[in-house]
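The values are calculated or read from the model by the stated rules, or taken from the named source; none is laboratory data. Worth saying up front: this structure is predicted, and the values here are computed from it rather than measured. Every residue, glycine among them, receives a Cβ derived from its backbone with ideal geometry; neighbour counts consider all protein chains shown. The accessibility values were calculated without ligands, DNA or RNA, using every heavy atom of the protein model including side chains. Shrake-Rupley method; radii C 1.70, N 1.55, O 1.52, S 1.80 Å.
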Amino acid sequence: MNRAEMLSRVHDRSEPWDMAIVGGGATGAGVAVDAASRGYEVLLLEQSDFGKGTSSRSTKLAHGGVRYLEQGNISLVMEALKERGILRQNAPHLVHNLAFVVPNYDWWEAPFYGLGLKVYNLLAGKYGFGDSQILSREETLERLPTIKTDGLRGGVVYFDGQFDDARLLINLMETAAEQGATVLNYAHVNGLTKGDDGFLDGITALDLESGDGFHARAKVVINAAGAYCDAVRRMTLENIRPLIAPSQGIHLVFDREFLPGNSAIMVPHTSDGRVMFAIPWHNHTLVGTTDTPVIDPELEPRPLPEEIEFILNTAAQYLHKAPTRADVLSVFVGVRPLVKSGDGKSTASLSRDHTIHIDNSGLLTITGGKWTTYRHMAEDCVNQAATLARLPEKTCVTPHLNIHGFHKHAEKFGDLALYGSDAPAIQDLARADPGLTARLHPDLPYCEAEAIWAARSEMARTVEDFLARRCRALFLNARAAIEMAPRVAQLMARELQYDEAWQSAQVAKFRELAAGYLIPL
Ligand SMILES: Cc1cc2nc3c(=O)[nH]c(=O)nc-3n(C[C@H](O)[C@H](O)[C@H](O)COP(=O)(O)OP(=O)(O)OC[C@H]3O[C@@H](n4cnc5c(N)ncnc54)[C@H](O)[C@@H]3O)c2cc1C
């Protein structure tokens, strides 16, 4: 993907696009892949970097959602379990089976969760990830060596999927581009235009790099702006009834020593009645999440002190050695675009189903849902968008469309496994210039060639794009990421032909941003 080329496609086009998509998160990327692979002409605009919103800040689980089973939302669970299976089939380099253990401290927990998790696996049908099983105390300790042993009776193990959300997002953008879509980051949609008939006929946007505005005509405009979807709807009509109730969730990241095995912990009932996970992720331990209603969602949301305390306290109830504030390597926050219903007082009980809404102006908004169901959401959306725009009907092909990077044995690429089929090209890059094999930080597995690759092939435009989303340094260890920033700025400047002033400005900006991923002691 090359940004200059994408931009010139936008400027060169005089015909209307079949579909213009606002937002480059999981929802927008999924719609772009679906529409382009059916043969429609697609433009996607993202105001920041691809995945800057919620889609890089999830718990990274491709799951049916055990909690939704408890809420009785069987159809959502079944749909998500099927999508989980399709995702692993189409992106095996990114989606892996992970064992989750529910530790049992009461006599009733083993039969209760044992039965529930059996049903969960049954609902997956042919898309199952493995049978659940009741574990003895010893077996539980084998899987979770750091779990609290006082009163521990045993556990129940079940299987779900885990992935790297930002990397999947970049791979989806690459898939969309390969299918012919034009995808542009740092392009802020600031207006929607109407034809003489009063229906939308395009969008106006600002290229945030050059400061130039442009107009793109489109047969249908799809609003996939996540937590900002109501703000985009207000571009056509001020007095709308909001579709979503945003809710934020935080995660804390710790060293691997807090969860050294290969299994995750699932706590089915926290003190506020939610589910919490402690998960091994990229050789670290990820713990989350919370569910706090938000009024004005921000692109860089911040954790509340009580959310941090809540996660630390819950972790302390289950882990032998309780993690403290000083152990937090990074804290990151995401905002769920939950579909509104009722009084909206508790966001935890709001449905994770998606919704498609068409305003009087013809603006089609798709929101809600989950990362796991992005493909199904996109299929639904493109079906409706094609009808609305009177486009010829075309069949969805994404159930069997490999996602960019597809590789069945990517683990053979070691630290580059996540790149899947792109890994050999990064190895070649490093071979051609042996300096690029150097690690960017002793505590993280990333090498210099990856920064060059990100700028050259993955449309990374800033130091943050690389450290937060092309690799996951900022999310794993914010201090290490800050230390990496000057070298990353140098490498990216070399590739993108920027001067020293750009490098200094980038490093200063990144330091300021990364400070928000550290918590005061
Ligand atoms: C804490 C947390 C944990 C989660 N965990 C999981 C999980 O484990 N598994 C799972 O399946 N789901 C999970 N989810 C849900 C999942 O992450 C979201 O459903 C999904 O990422 C939403 O994607 P989206 O594209 O709709 O929104 P976003 O990713 O926020 O994308 C919207 C994009 O639109 C852009 N945009 C907004 N306005 C404009 C404009 N005017 N012009 C151009 N661009 C614009 C934004 O910059 C943003 O990048 C979790 C969510 C949260 C918050």
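Against the numbered list (1) more than 23 Å from residue 404 (Cβ to Cβ); (2) outside any strand (DSSP E or B); (3) of a type outside the set (A, V, I, L, M, F, W, C), residue 171 comes up short only at (1). For segment 458-466, indicate whether the set of residues that are more than 20 Å from the chain's Cα centre (by Cα), open to solvent by less than 50 Å² (accessible area, probe 1.4 Å) and at pLDDT 95 or above is non-empty. The answer is no, given that none of the residues of segment 458-466 is more than 20 Å from the chain's Cα centre (by Cα), open to solvent by less than 50 Å² (accessible area, probe 1.4 Å) and at pLDDT 95 or above. Quick one: residue 70 ticks every box in (1) more than 7 Å from the ligand (Cβ to nearest atom); (2) over 30 Å from residue 134 (Cβ atoms); (3) among the charged types (D, E, K, R) except a single one, so which number is it? In the conditions (1) more than 7 Å from the ligand (Cβ to nearest atom); (2) over 30 Å from residue 134 (Cβ atoms); (3) among the charged types (D, E, K, R), residue 70 misses (2) alone. Against the list (1) open to solvent by less than 60 Å² (accessible area, probe 1.4 Å); (2) within 12 Å of the ligand (Cβ to nearest atom); (3) of a type in the set (Phe, Trp, Tyr), the condition residue 228 fails is (1).
Of the residues that make up segment 441-448, is at least one under 13 Å from residue 492 (Cβ atoms) and part of a helix (DSSP H, G or I)? Break it down into steps so the answer makes sense when it comes.
Our first condition is that a residue be under 13 Å from residue 492 (Cβ atoms); within segment 441-448, this holds for 448.
Now drop any that are not part of a helix (DSSP H, G or I), which leaves 448.
Yes, because at least one residue in segment 441-448 is under 13 Å from residue 492 (Cβ atoms) and part of a helix (DSSP H, G or I).
Every test in (1) more than 12 Å from the ligand (Cβ to nearest atom); (2) within 30 Å of residue 146 (Cβ to Cβ); (3) surrounded by 19 or more Cβ atoms within 10 Å (Cβ to Cβ) is passed by residue 86 save one, and that test is (2). Taking the criterion of being within 21 Å of residue 473 (Cβ to Cβ), outside any helix (DSSP H, G or I) and β-branched (Val, Ile, Thr), the only residue of segment 27-78 that qualifies is 59. Of the residues making up segment 246-265, those that are away from the ligand (no atom under 12 Å from the Cβ) and over 15 Å from residue 334 (Cβ atoms) are 254, 255, 256, 257, 258, 259, 260, 261, 262, 263, 265. Residues in segment 177-225 that are among the charged types (D, E, K, R) and at pLDDT 95 or above were compared, and the one that is nearest to the ligand (Cβ to nearest atom) is 207.
Which residues, taken from segment 482-521, are part of a helix (DSSP H, G or I), open to solvent by less than 60 Å² (accessible area, probe 1.4 Å), touching a residue at least 40 places away in the same chain (Cβ under 8 Å) and not polar (S, T, N, Q)? Those that are part of a helix (DSSP H, G or I), open to solvent by less than 60 Å² (accessible area, probe 1.4 Å), touching a residue at least 40 places away in the same chain (Cβ under 8 Å) and not polar (S, T, N, Q): 484, 488, 491, 492, 495, 496, 507, 510, 513, 514. Restricting to segment 357-378, and then to whatever is of a type in the set (Val, Ile, Thr) and assigned to a helix (DSSP H, G or I), can you tell me which residue is nearest to the chain's Cα centre (by Cα)? Among those residues, the one meeting the criterion is 372.
Only one of the numbered conditions (1) modelled with pLDDT under 95; (2) of a type in the set (D, E, K, R); (3) away from the ligand (no atom under 11 Å from the Cβ) is not met by residue 352, and that is (3). Going through segment 7-58 one residue at a time, which ones are within 16 Å of the ligand (Cβ to nearest atom) and surrounded by fewer than 21 Cβ atoms within 10 Å (Cβ to Cβ)? Within segment 7-58, 7, 10, 48 qualify. Among residues of segment 414-435 that are more than 23 Å from residue 172 (Cβ to Cβ) and without any contact (Cβ under 8 Å) to a residue 40 or more places away in the chain, those with a beta-carbon under 7 Å from a residue that is open to solvent by 60 Å² or more (accessible area, probe 1.4 Å) and not aromatic (Phe, Trp, Tyr) at least six positions away or on a different chain give the pairs 430/437. For residue 137, indicate whether it is away from the ligand (no atom under 15 Å from the Cβ), more than 27 Å from residue 247 (Cα to Cα) and charged (D, E, K, R). Criteria met by residue 137. Filter segment 71-81 down to residues that are without any contact (Cβ under 8 Å) to a residue 60 or more places away in the chain and surrounded by fewer than 20 Cβ atoms within 10 Å (Cβ to Cβ) and give me whichever is nearest to residue 354 (Cα to Cα). Only one residue tops the list, namely 75.
Screening segment 232-282 for residues that are over 23 Å from the mean Cα position of the chain (by Cα) and of a type in the set (Gly, Ala, Ser) and picking the one that is most open to solvent (accessible area, probe 1.4 Å) gives 271.
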